[in-house]
1. Can we say ILE22 is in contact with a helix residue (DSSP H, G or I) (Cβ under 9 Å, 6 or more places away or on another chain) and assigned to a strand (DSSP E or B)?
2. Take HIS85 and tell me if it is modelled with pLDDT under 90, on the phi > 0 side of the Ramachandran plot and surrounded by fewer than 19 Cβ atoms within 10 Å (Cβ to Cβ).
3. From the residues in region 66-87 that are assigned to a helix (DSSP H, G or I) and charged (D, E, K, R), which one is nearest to the chain's Cα centre (by Cα)?
4. Could you list, in sequence order, all residues of region 104-118 that are assigned to a loop (DSSP other than H, G, I, E, B) and under 17 Å from ASN82 (Cβ atoms)?
5. Which residue is farthest from the chain's Cα centre (by Cα), if the candidates are limited to region 136-162 and must be outside any helix (DSSP H, G or I), surrounded by fewer than 17 Cβ atoms within 10 Å (Cβ to Cβ) and touching a residue at least 40 places away in the same chain (Cβ under 8 Å)?
6. From the set of residues in region 170-229 that are farther than 18 Å from TYR110 by Cβ and charged (D, E, K, R), which is modelled with the lowest pLDDT?
Amino acid sequence: MENMPKQDDTPASTTISFLNCIDLSTPDVQQSVSLLKQACLDCGFFYVTNHGISQEFMEEVFSQSKKFFELPLSEKMKVLRNEKHRGYTPVLDELLDPDNQIHGDYKEGYYIGVEVPEDDPEADKPFYGPNVWPADGILPGWRQTMEKFHQQALGVARAVARIIALALDLEADFFDKPEMLGHPIAVMRLLHYAGQISDPSKGLYGAGAHSDYGLITLLATDDVYGLQV
């Protein structure tokens, strides 16, 4: 999910394409399968509607995310990303397109994964283990909000994966296997863009061009546009 600063409303020269909408509440599964398949073969993006996460809760998640990124850098550095790839990543820390960027992205982030206790046998695996959290005295209720959102978003991912499976002529529960979404890594990232406007001619990017890893990427954005597909 992404928080972005307000930018100049001056119209840019862009080509606008309309994305297919996948309604997770519709009983017409075949229509959803057809729309998703077309979207995946076309641009690889689509909207998901009626996913079951309330607008009120989404606003709370964005509000809590904003509160974290507004903390002093010294406080955010206390939860710096660890060897399990959980926690805070500062501005310029990530470089996604080294061939075209002069330095890292003008964004900061926070990684959250499935909570696995340190004494769990799975905790020895890469990308598994406990999360790191801001102190509750600094951000009361922050952890609870993010854990709840992580679980709800994972539920949406599983619902979308079932439609993908049908579009591939597989059984609907194909991706529910333990090695897939039954026991997933499922990383959630909070993102905040620092306000530096991208300038490709100078090698400056809010987020460099890239392809995501994993089966599905769900993007929840605020009311500031900025994603380029």
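1. Details: in contact with a helix residue (DSSP H, G or I) (Cβ under 9 Å, 6 or more places away or on another chain): yes; assigned to a strand (DSSP E or B): yes.
When the stated conditions are applied, ILE22 passes them.
2. Taking the combined requirement at face value, the residue satisfies it.
3. Start the filter on region 66-87 by keeping residues that are assigned to a helix (DSSP H, G or I), which leaves 66-69, 73-79.
Those left that are additionally charged (D, E, K, R): 66-67, 75-76, 78.
On the way: LYS66: 15, LYS67: 18, GLU75: 23, LYS76: 19, LYS78: 22 Å.
The extreme case among them is LYS66.
4. To start, the set of residues in region 104-118 that are assigned to a loop (DSSP other than H, G, I, E, B) comprises 104-106, 113-118.
Once the filter is applied, which keeps residues that are assigned to a loop (DSSP other than H, G, I, E, B) and under 17 Å from ASN82 (Cβ atoms), region 104-118 yields GLY113, VAL114, GLU115, VAL116, PRO117, GLU118.
5. Looking only at region 136-162, we keep the residues that are outside any helix (DSSP H, G or I), and these are 136-141.
Subsequent filtering for residues that are surrounded by fewer than 17 Cβ atoms within 10 Å (Cβ to Cβ) retains 136-138, 140-141.
Then keep just the ones that are touching a residue at least 40 places away in the same chain (Cβ under 8 Å); that gives 138, 141.
On the way: ILE138: 24, GLY141: 21 Å.
Selected residue: ILE138.
6. Out of the qualifying residues, it is LYS202.
Residue-wise test of (1) at pLDDT 80 or above; (2) in contact with a Gly (Cβ under 7 Å, 6 or more places away or on another chain); (3) buried (at least 19 other Cβ atoms within 10 Å of the Cβ); (4) at negative phi.
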| position | (1), (2), (3), (4) |
| --- | --- |
| PRO98 | no, no, no, yes |
| ILE102 | no, yes, no, yes |
| PHE127 | yes, yes, no, no |
| VAL132 | yes, yes, no, yes |
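Here is a yes/no grid of residues against (1) surrounded by 18 or more Cβ atoms within 10 Å (Cβ to Cβ); (2) at pLDDT 95 or above; (3) touching a strand residue (DSSP E or B) at 6+ places or on another chain (Cβ under 9 Å):
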| residue | (1), (2), (3) |
| --- | --- |
| PRO5 | no, no, yes |
| LEU19 | no, no, yes |
| LEU41 | no, no, no |
| PHE68 | yes, yes, yes |
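The values are calculated or read from the model by the stated rules, or taken from the named source; none is laboratory data. This structure is a prediction, so every number in the text was calculated from the model and none was measured. Cβ coordinates were reconstructed from backbone atoms using ideal geometry, including for glycine residues, and neighbour counts include every protein chain displayed.
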